[in-house]
Amino acid sequence: MESKQRHGCVTAWLILMIIANSLTAVTYLFMGDLIAEAIAQSLPQPIMTVLAIIGIANLIFAIMLLKWKRWAFWAYVATSIITLIINLSIDQGVLASFLGLSGAIILYAILQIKKDGISAWKSLE
């Protein structure tokens, strides 16, 4: 059996996702004041906790994508939709809220990059 390979850009993006989601989870868990300052509104602690859990989940999904698991992509899409709903419910604005979905769209596009004629998407199990 031939070993799977992915383009370096795909690997780099997944590593960036791991770093970004780790930082997101830590920020929501321990630096809520910074977030409240950045968005000019205070968020209830349960919302901060849910967003931290989503960050941890997305971290796990990025790791599982590195391990070639297609379900992790769909789980990432699900957390993006949950985040969209949360952002709309806390009045982040329609445009800003929908921009959050761009991460899933970019991830899908990056998974289409081919190495030796085969995309990472096609290699996912």
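Of the listed requirements (1) under 10 Å from the mean Cα position of the chain (by Cα); (2) outside any helix (DSSP H, G or I), Ile60 misses just one: (2). Would you confirm whether any residue within the stretch 32-49 is among the aliphatic types (A, V, I, L, M) and closer than 21 Å to Thr11 by Cβ? No, the stretch 32-49 has no match at all.
To keep it simple, each residue is scored yes or no on (1) loosely packed, with under 13 Cβ neighbours inside 10 Å; (2) on the phi > 0 side of the Ramachandran plot; (3) touching a Phe, Trp or Tyr at 6+ places or on another chain (Cβ under 8 Å); (4) at pLDDT below 95.
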| site | (1), (2), (3), (4) |
| --- | --- |
| Met64 | no, no, yes, no |
| Lys67 | yes, no, no, no |
| Trp74 | yes, no, no, no |
| Ala78 | no, no, no, no |
| Asp91 | yes, yes, no, yes |
| Ala96 | yes, no, no, yes |
| Ala109 | yes, no, no, no |
| Lys122 | yes, no, no, no |
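Could you tell me whether the stretch 65-83 includes any residue that is closer than 26 Å to Gly8 by Cβ, of a type in the set (Phe, Trp, Tyr) and more than 15 Å from the chain's Cα centre (by Cα)? Checked against the condition, which is being closer than 26 Å to Gly8 by Cβ, of a type in the set (Phe, Trp, Tyr) and more than 15 Å from the chain's Cα centre (by Cα), the stretch 65-83 yields at least one hit.
Screening the stretch 70-125 for helices (runs of 4 or more DSSP H) wholly inside it with 2 or more residues that are among the hydroxyl-bearing types (Ser, Thr, Tyr), out of contact with any strand residue (DSSP E or B) (no Cβ under 9 Å at 6 or more places or on another chain) and closer than 14 Å to Asn58 by Cβ returns the ranges 70-89. Once the stretch 1-57 is narrowed to residues that are aromatic (Phe, Trp, Tyr) and surrounded by 13 or more Cβ atoms within 10 Å (Cβ to Cβ), the residue that is farthest from Asp91 (Cα to Cα) is Trp13.
The values are calculated or read from the model by the stated rules, or taken from the named source; none is laboratory data. Nothing here was measured: the structure is a model prediction, and the numbers come from that model. All Cβ positions, glycine included, derive from the backbone under ideal geometry; neighbour counts span all protein chains shown.
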